[in-house]
Amino acid sequence: MASDEIQALKLALSAASSRGAPHRTSYFIASSDDEWVVYVEASLSFRISQSTGMLIPDDQRLDAAEALSIARAYAVDHQLRWEPAFSLEPTRSGWRVGARQSQFGGQLSIEVCSDGRVLEHRVNPK
């Protein structure tokens, strides 16, 4: 069975979870020599409201694999170049998904909201 970037991320998420890695962290996915390499930043972070001083719960309903899938569909629908390498970074509103991260110019960034909507996309000019 062929594996795409989303399947590779799902497998890495499962493996990382079994090793105690946090669910909402940054990911970087690259393709090299017929392998997907998924880097999981295993740092722990907390969000605290400046106005209340209270811990902000991480109640995001959208996981990294879902965000990557939504971003890929959006890129295809809008005829944007979707090529490895990929990055996923949790944001306040959901996920920032990047494609073409190792290229010189032309990097794609898609903001996916926690409810599954794409908020915007940007392409770094060459």
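The values are calculated or read from the model by the stated rules, or taken from the named source; none is laboratory data. Note that the coordinates shown come from a computational prediction; the quantities given were computed from them, not determined experimentally. Every residue, glycine among them, receives a Cβ derived from its backbone with ideal geometry; neighbour counts consider all protein chains shown.
Check S45, S31 and return the single one that is among the small types (G, A, S), at pLDDT below 70, surrounded by 10 or more Cβ atoms within 10 Å (Cβ to Cβ) and not in a helix (DSSP H, G or I).
Working: S31 fails: at pLDDT below 70.
Just one listed residue meets the conditions, S45.
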Practice item. Determine whether region 53-65 contains at least one residue that is part of a helix (DSSP H, G or I) and at pLDDT 80 or above. Key: yes
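Here is a yes/no grid of residues against (1) modelled with pLDDT under 95; (2) in a strand (DSSP E or B); (3) surrounded by fewer than 19 Cβ atoms within 10 Å (Cβ to Cβ); (4) among the hydroxyl-bearing types (S, T, Y):
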residue: A71; (1), (2), (3), (4): no, no, no, no
residue: A75; (1), (2), (3), (4): no, no, no, no
residue: R81; (1), (2), (3), (4): yes, no, yes, no
residue: E89; (1), (2), (3), (4): yes, yes, yes, no
residue: V97; (1), (2), (3), (4): no, yes, no, no
residue: Q103; (1), (2), (3), (4): yes, no, yes, no
residue: G116; (1), (2), (3), (4): yes, no, yes, no
residue: K126; (1), (2), (3), (4): yes, no, yes, no
